[in-house]
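S.K.: Can you read through this structure? Questions will come right after.
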Amino acid sequence: VLQSNEGKSGSTTGGTLERSLVNRAVSSDGGEEFTWNVGYSSTQVNVLDPEITTQITRIQTSLDPDDVLKFEMQPHITARYGLHTQDPKDVEDIIKSVGRVGVSFGRISLFENEEQDVLKVDIHSPQLEDLNRRLDQLPNTQTHQEYQPYMTIAYLKAGTGKKYTVMQFVEDRTIWFD
């Protein structure tokens, strides 16, 4: 399912495939919502499955508030970031050409850099990898050389994330998106 800033069409049991220009996150105390325009479009799978969203919330509430910069408020898996188009119709046929997308959840891990640690769940999905390759035919700017699907849990202060990688997630669970 493709969703744009103008609205969405269709539905699915696991979530939606979305094209978005804006990212949202909320501070660890729940008080301030951060919104920023990233300048590029992205195509993503919004994860709406209740078991998965409950697990994300459980993990977020167990994090030390002193470590948290912000939480990811809409669990999602990016299929392709950096698209130059702002028209959802440009990606709709490509998404349809892939068909059903299966997403398997793996372990909790980190992206680390000088500014922050990104606490995430590793994702395995041959269909998302295929979609990412197909979306490369559209004009885009890539910020990463290799596509690694993941679902962000929280943005943490640099150097604080390793202790959370031992937490358990619903590993080896697969959900499907139409």
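S.K.: Filter the strands (runs of 3 or more DSSP E) completely within the stretch 74-131 down to those with at least 2 residues that are hydroxyl-bearing (Ser, Thr, Tyr) and buried (at least 17 other Cβ atoms within 10 Å of the Cβ).
M.R.: Output list reads 76-83.
S.K.: Here's a follow-up. Taking the stretch 132-167 as the search range and keeping residues that are among the β-branched types (Val, Ile, Thr) and over 18 Å from GLN55 (Cα atoms), which one is least open to solvent (accessible area, probe 1.4 Å)?
M.R.: Only one residue fits best here, namely THR160.
S.K.: I'm trying to understand the selection: among the residues of the stretch 62-72, which are within 14 Å of LYS157 (Cα to Cα) and open to solvent by 40 Å² or more (accessible area, probe 1.4 Å)?
M.R.: Result: ASP64, PRO65, ASP66, LEU69, LYS70.
S.K.: Another question, then. Do the conditions hold for VAL45, that is, is it within 26 Å of GLU171 (Cα to Cα), at pLDDT below 95, among the β-branched types (Val, Ile, Thr) and open to solvent by less than 20 Å² (accessible area, probe 1.4 Å)?
M.R.: Here the answer is yes, as VAL45 does meet what is asked.
S.K.: Shifting gears a bit: Mind listing whichever residues of the stretch 129-178 are charged (D, E, K, R), without any contact (Cβ under 8 Å) to a residue 60 or more places away in the chain and in contact with a Ser or Thr (Cβ under 7 Å, 6 or more places away or on another chain)?
M.R.: ARG134
S.K.: If ALA25 satisfies all but one of (1) at pLDDT below 95; (2) of a type outside the set (Asp, Glu); (3) outside any helix (DSSP H, G or I); (4) more than 15 Å from the chain's Cα centre (by Cα), what's the number of the condition it fails?
M.R.: Going through the list (1) at pLDDT below 95; (2) of a type outside the set (Asp, Glu); (3) outside any helix (DSSP H, G or I); (4) more than 15 Å from the chain's Cα centre (by Cα), ALA25 breaks only (4).
S.K.: Turning to a different aspect of this structure: Quick check, is GLU171 in contact with a Phe, Trp or Tyr (Cβ under 7 Å, 6 or more places away or on another chain), farther than 21 Å from SER41 by Cβ and in a loop (DSSP other than H, G, I, E, B)?
M.R.: Yes.
S.K.: Can you name the number of the only condition in (1) at pLDDT below 95; (2) surrounded by 13 or more Cβ atoms within 10 Å (Cβ to Cβ); (3) not in a strand (DSSP E or B) that ILE59 fails?
M.R.: It fails just one condition, (1).
S.K.: I'm trying to understand the selection: among the residues of the stretch 147-161, which are assigned to a loop (DSSP other than H, G, I, E, B), under 19 Å from ASP67 (Cβ atoms) and of a type outside the set (A, V, I, L, M, F, W, C)?
M.R.: If the condition is that a residue be assigned to a loop (DSSP other than H, G, I, E, B), under 19 Å from ASP67 (Cβ atoms) and of a type outside the set (A, V, I, L, M, F, W, C), then GLY159, THR160, GLY161 are the ones that fit.
S.K.: Follow-up question, since we're still on this one. Kindly list the number of the only condition in (1) at pLDDT 50 or above; (2) closer than 22 Å to ARG133 by Cβ that fails for GLU18.
M.R.: If we test GLU18 against (1) at pLDDT 50 or above; (2) closer than 22 Å to ARG133 by Cβ, just (1) comes out false.
The values are calculated or read from the model by the stated rules, or taken from the named source; none is laboratory data. Treat the numbers as computed from the prediction; the structure is a model and nothing was measured. Positions of Cβ are generated from backbone atoms using ideal geometry, with glycine treated the same way; all protein chains shown enter the neighbour counts. These accessible areas exclude ligands, DNA and RNA; they are computed on the full protein's heavy atoms, side chains included. Shrake-Rupley method; radii C 1.70, N 1.55, O 1.52, S 1.80 Å.
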